[in-house]
1. Here are the criteria: (1) out of contact with any helix residue (DSSP H, G or I) (no Cβ under 6 Å at 6 or more places or on another chain); (2) under 19 Å from residue 105 (Cα atoms); (3) part of a helix (DSSP H, G or I). Tell me which single one residue 63 does not satisfy.
2. Scan the stretch 66-90 for residues that are assigned to a loop (DSSP other than H, G, I, E, B) and on the phi > 0 side of the Ramachandran plot and jot them down.
3. If the requirement is being touching a residue at least 60 places away in the same chain (Cβ under 8 Å), touching a strand residue (DSSP E or B) at 6+ places or on another chain (Cβ under 9 Å) and not acidic (Asp, Glu), which of these qualifies: 43, 72, 19, 10?
4. Residues in the stretch 25-60 that are surrounded by 16 or more Cβ atoms within 10 Å (Cβ to Cβ), touching a Leu at 6+ places or on another chain (Cβ under 8 Å) and part of a helix (DSSP H, G or I): how many?
5. Only residues that are closer than 18 Å to residue 81 by Cα and within 12 Å of the chain's Cα centre (by Cα): list them for the stretch 96-114, please.
6. Run down 26, 35, 63 and say which single residue is free of Cβ contacts under 8 Å to residues at least 12 places away in the same chain and not acidic (Asp, Glu).
7. Every residue in the stretch 75-92 that is surrounded by fewer than 19 Cβ atoms within 10 Å (Cβ to Cβ) and either closer than 22 Å to residue 4 by Cα or among the small types (Gly, Ala, Ser) (or both), please.
8. Quick check: is even one residue across the stretch 93-112 of a type in the set (A, V, I, L, M, F, W, C), more than 24 Å from residue 4 (Cα to Cα) and either in contact with a helix residue (DSSP H, G or I) (Cβ under 6 Å, 6 or more places away or on another chain) or part of a helix (DSSP H, G or I) (or both)?
Amino acid sequence: MISLSLPAGHLTVVALAAHPDDVEIACGGTLLGLAERGGVYVHLLTLTGTPEREAEAREAAEAFLPAATSSHFAGLPDGRLPEHWGAVKGALHALARRVPAPDVVLAPRVDDAHQDHRLVGELAPTV
């Protein structure tokens, strides 16, 4: 596990997901650990998903960090994010305008085998 030195007090976290359930699967344990410290506010951006899957993602976010989560959805097509590079980049920039200086950003790895995850991981540091 990678250890982090985090500032005391309020902590702003951004979590980026290609699909609903990516955050819970990839960094749910990290979010639960951060929640234990208190004063954590999480902004989630999920780039794909049907309305039903978006509702599930909102419920999961609320279960992880009740009243401390803001969920945003871009509504892009699952499995096709590389075809929508500009829209993905635009959604990331829109979140960066809403949350200009997060303390922690959680994103997919740039070498992920899934093309949607990989694109999000590649674009995150450029935003």
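1. Only one criterion is unmet by residue 63, namely (2).
2. As a first pass, look at the stretch 66-90 and keep what is assigned to a loop (DSSP other than H, G, I, E, B): 66-68, 77-80.
Across the stretch 66-90, the qualifying residues are 67, 79.
3. Working: 43 fails: touching a residue at least 60 places away in the same chain (Cβ under 8 Å); 72 fails: touching a residue at least 60 places away in the same chain (Cβ under 8 Å); 10 fails: touching a residue at least 60 places away in the same chain (Cβ under 8 Å).
The unique qualifying residue is 19.
4. Looking only at that region, the number is 7.
5. Within the stretch 96-114, the subset closer than 18 Å to residue 81 by Cα is 107-114.
Passing the criteria: 107, 108.
6. Numbers: 26 fails: free of Cβ contacts under 8 Å to residues at least 12 places away in the same chain; 35 fails: free of Cβ contacts under 8 Å to residues at least 12 places away in the same chain.
Just one listed residue meets the conditions, 63.
7. Scanning the stretch 75-92 gives 75, 79, 86, 87, 90.
8. Looking only at the stretch 93-112, we keep the residues that are of a type in the set (A, V, I, L, M, F, W, C), and these are 94-96, 99, 101, 104-107, 110.
Next cut, more than 24 Å from residue 4 (Cα to Cα) only: 94.
After this cut, where a residue has to be either in contact with a helix residue (DSSP H, G or I) (Cβ under 6 Å, 6 or more places away or on another chain) or part of a helix (DSSP H, G or I) (or both) as well, the list is 94.
Scanning the stretch 93-112, I find at least one residue that is of a type in the set (A, V, I, L, M, F, W, C), more than 24 Å from residue 4 (Cα to Cα) and either in contact with a helix residue (DSSP H, G or I) (Cβ under 6 Å, 6 or more places away or on another chain) or part of a helix (DSSP H, G or I) (or both), so the answer is yes.
Quick note: the coordinates plus some simple rules give every number you see, no bench work behind them. For clarity, every value in this text was computed on a predicted model and none was experimentally measured. Counting neighbours? That spans all protein chains shown, and the Cβs are built from the backbone with ideal geometry, glycine included.
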